[in-house]
Amino acid sequence: LIGAFADGSIARATWDTLASAFAGLALGGAIGLALGLLFGLVRPIDRLMELTVEAVRPIPSIALIPIALLALGFGAAMEISIIAFSCAWPMLILTRAAVAGVEPRLIEVARALRLSPWRRVIKIILPAIQPRIIVAIRLAAGVALVVAVTVEIAANPRGLGNAIMTAQQALQPALMLAYLFWIGVVGFLLNGLLVAAERKLSPHLAIERRRS
């Protein structure tokens, strides 16, 4: 581990993995949030798309690698697209459930004020579901890191996953285990940052979690 830090290889690999993970998280999170709001607010669309969502959601993200390779080739775009696919589902499911659980009186207030659908989402819906969105982002961030490393091990010659494979092929088990340990550290630190952000943005949710 010290040697990998000394020659800069672990820093470069970590940057590649996190850049892809965060890009995929941002893309997939935005798509999942938008679809979750749409499905939660428009019941006919939710019922229409329920079978499609439940049929596509269980597909393992790793199974998309051959298709992504054909469409995008090796590189960051392929990895980001698979990460985005994986991150969209927790955002969609939790956002849809959160919207469905919004207090009906808040919707009645929005109608009484004659807010447009867009202003209703901005002024009423998003503030009401903010704590659940933060939880969804935490779940999706963990998924993003796992999928990023998995794609790099299986198909993409970059990042921490590829570094593990390179060390294994070079018969360097100590270096391979060092990278595995470092991935755990990165995941722990990432979760800590997200928990800190959650406490700052939604302190009442953090208090409820500590009590439970």
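List of remarks:
- Dipole of region 1-89, positive direction: furthest Cα of 53, 67, 15, with charges on the beta-carbon: 53
- The residue list 109, 127, 91 was ranked by how far each Cα lies along the charge dipole of region 83-212 toward its positive end, using unit charges on Cβ atoms, and 109 comes out on top.
- Given +1 at the Cβ of Lys and Arg, -1 at the Cβ of Asp and Glu and no other charges, the dipole of region 22-112 around its Cα centre is 180 debye to the nearest 20.
- Here region 118-196 was treated as a single set of alpha-carbon atoms; its pair distances binned every 10 Å from 0 give 17, 34, 23, 15, 8, 3 percent.
- Extension gain for the segment residue 9 to residue 154, taken as residue separation times 0.36 nm less the Cα-Cα distance, is 50.2 nm to one decimal.
- Over 21 Å [Cα-Cα, the chain], rounded percent: 60
- Alpha carbon centroid spacing (whole Å) that separates region 1-34 from region 117-182: 7
- Cβ charges +1 (Lys, Arg) and -1 (Asp, Glu), total dipole of region 42-173, debye: 740
- Rounded accessible area per residue of region 28-92, 1.4 Å, Å²: 51
- Screening the chain for whole DSSP H helices of 18 Å or more along their axis (Cα) with average Kyte-Doolittle hydropathy at least 1.6 returns 126-154.
- Counting only the Cα atoms, region 98-145 fills a convex hull of 70 Å³ per residue.
- Fraction of accessible area attributable to carbon and sulfur, the chain (%, probe 1.4 Å): 70
- Percentage, to the nearest whole number, of Cα pairs in region 1-98 over 25 Å apart: 33
The values are calculated or read from the model by the stated rules, or taken from the named source; none is laboratory data. Values in this document were obtained by computation on a predicted structure and should not be read as measured data. Because the Cβ atoms are built from the backbone with ideal geometry, glycine has one as well, and the counts that use them run over all protein chains shown. To get the accessible areas, we keep the full protein, side chains included, count just its heavy atoms, and leave off ligands, DNA and RNA. Shrake-Rupley method; radii C 1.70, N 1.55, O 1.52, S 1.80 Å.
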